[in-house]
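Notes to accompany the following structure.
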Amino acid sequence: MTSPQVSICIPTYCQLDYLRETLRSVEIQSYKDYELIVSDDTPDLLVKELVLSYDFGHRLRYYRNSPALGSPENWNQAISYAKGKYIKILHHDDRFQDSESLDTFVSLLDDNPNADLAFSVSTAENIVDGYMHTHCPSKEQVHHLSIMPESLFFYNVIGAPSAVIYRNKFNIKFDQQLKWLVDIEFYIQFLLKNNQFVYTPEVLIATAANAPHQVTSFCQSDACVDLCEHFYLYQKIAVKIKSHPSTQSIWFRLFEKYSVYSPESAVKKGVNCFSQVDDFPFFEAYKKNSLKRTPFRMYARLPIFFKKVIRFLLKKVRLV
């Protein structure tokens, strides 16, 4: 039996309503040279029953994990079964935008043999308020990514894993130590092997945002996860980004977000990662920067009336 051109890998855990839409989007694809791999962490048989209710013929390969592997190990498990030339991760709450999406993804790599990874624009619908966001990087960001893959540390130019297709060649896995930055770390690893990639501004993937079951919902405001994962990834790539001007900015933003001013204040919040190193220069730089900004912060918090009074007095002083 010949290997398929592309392996669509769907790691699943419950969420039948989302998965139903995902499977429908696979079912309608015009491109048929694929295998569909479902690696299931669900404790019951509901996902299995739903998956088997679709007619994917010989293309479907279903695996149930007992005990559950968790994220991202379930992603790695799905990928480990892949026999295709290309790997297309499709999370169980994401879907192909239309019937030609998979064909376009495959063409990106077929037509660009020197590239090992390709990605597209994706949309994200906020399930709380219905707001639709389009993840569409600028030309400058895409160009910068081609020069310095580590720039993903500053901004995720690529987007969600579902917006990516890559060649099944490097045996790179998603880092089990990560939850929040796991996709970014994977992209950096991959692009450091070969920084040639293909980008299309066409929307090929639709995703959901702010769903309660998503990792984002509990990671984006968890100081321990957010700070420690940034620190973990920073240590891996510090040689390349330590002197980059955006590095200081991103640490300042994180310190500000979680009101962390020193390794000691971080430890008080349960964030112990910074105590592992003797020299982490960004705390001292942040302290100096904060002292300069203190008067402006105080001014920003004043009621409008007092701001007007201060502006009036400053004008008077300048006139004298």
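Go through (1) over 27 Å from D103 (Cβ atoms); (2) without any contact (Cβ under 8 Å) to a residue 60 or more places away in the chain; (3) surrounded by 14 or more Cβ atoms within 10 Å (Cβ to Cβ) for F154 and report which single condition fails.
It is condition (2) that F154 fails.
Could you please let me know if I172 is among the β-branched types (V, I, T), touching a helix residue (DSSP H, G or I) at 6+ places or on another chain (Cβ under 6 Å) and surrounded by 18 or more Cβ atoms within 10 Å (Cβ to Cβ)? Spell out the reasoning first.
On the way: among the β-branched types (V, I, T): yes; touching a helix residue (DSSP H, G or I) at 6+ places or on another chain (Cβ under 6 Å): yes; surrounded by 18 or more Cβ atoms within 10 Å (Cβ to Cβ): no.
Taking the combined requirement at face value, the residue does not satisfy it.
Filter region 175-213 down to the residues that are at pLDDT 95 or above, crowded, with 17+ Cβ neighbours inside 10 Å and assigned to a strand (DSSP E or B) and list them by number.
F197, V198, Y199, V203, L204, I205, A206
Is region 285-296 home to any residue that is exposed (fewer than 15 other Cβ atoms within 10 Å of the Cβ) and at pLDDT 90 or above?
No: region 285-296 contains no residue that is exposed (fewer than 15 other Cβ atoms within 10 Å of the Cβ) and at pLDDT 90 or above.
Find all pairs meeting these conditions: Cβ atoms under 8 angstrom apart; at least six residues apart or on different chains; first residue within region 52-80 and assigned by TED's automatic domain parsing to the domain that holds F186 and assigned to a loop (DSSP other than H, G, I, E, B); second residue polar (S, T, N, Q) and surrounded by fewer than 18 Cβ atoms within 10 Å (Cβ to Cβ).
Once the first residue is assigned by TED's automatic domain parsing to the domain that holds F186 and assigned to a loop (DSSP other than H, G, I, E, B) and sits in region 52-80, its partners that are polar (S, T, N, Q) and surrounded by fewer than 18 Cβ atoms within 10 Å (Cβ to Cβ) give P72/Q176.
Among M148, M132, which is in contact (Cβ under 8 Å) with a residue 60 or more places away in the chain and either in the same structural domain as W75 (by TED's automatic domain parsing) or over 20 Å from L90 (Cβ atoms) (or both)? Don't jump to the end; show me each part of the working.
On the way: M132 fails: in contact (Cβ under 8 Å) with a residue 60 or more places away in the chain.
The conditions single out M148.
Which of the residues belonging to region 91-135 are modelled with pLDDT under 95, of a type in the set (A, V, I, L, M, F, W, C) and within 15 Å of the chain's Cα centre (by Cα)?
Of everything in region 91-135, just one residue is modelled with pLDDT under 95, of a type in the set (A, V, I, L, M, F, W, C) and within 15 Å of the chain's Cα centre (by Cα), namely A124.
Any idea which residue in region 175-198 is farthest from the chain's Cα centre (by Cα), counting only those that are of a type in the set (A, V, I, L, M) and under 16 Å from I87 (Cα atoms)?
Just the residues of region 175-198 that are of a type in the set (A, V, I, L, M), to begin with: 178, 181-182, 184, 188, 191-192, 198.
If we keep only those that are under 16 Å from I87 (Cα atoms) too, we end up with 191, 198.
Values: L191: 15, V198: 18 Å.
The qualifying residue farthest from the chain's Cα centre (by Cα) is V198.
Can you tell me which condition S162 does not meet? The list is (1) among the polar types (S, T, N, Q); (2) surrounded by fewer than 20 Cβ atoms within 10 Å (Cβ to Cβ); (3) in contact with a strand residue (DSSP E or B) (Cβ under 6 Å, 6 or more places away or on another chain), and all the others hold.
S162 satisfies all of (1) among the polar types (S, T, N, Q); (2) surrounded by fewer than 20 Cβ atoms within 10 Å (Cβ to Cβ); (3) in contact with a strand residue (DSSP E or B) (Cβ under 6 Å, 6 or more places away or on another chain) except (2).
The values are calculated or read from the model by the stated rules, or taken from the named source; none is laboratory data. This one's a predicted model, so the numbers in the text were calculated from it and none came from an experiment. As a convention, Cβ positions derive from the backbone with ideal geometry for all residues, glycine included, and neighbour counts pool all protein chains shown.
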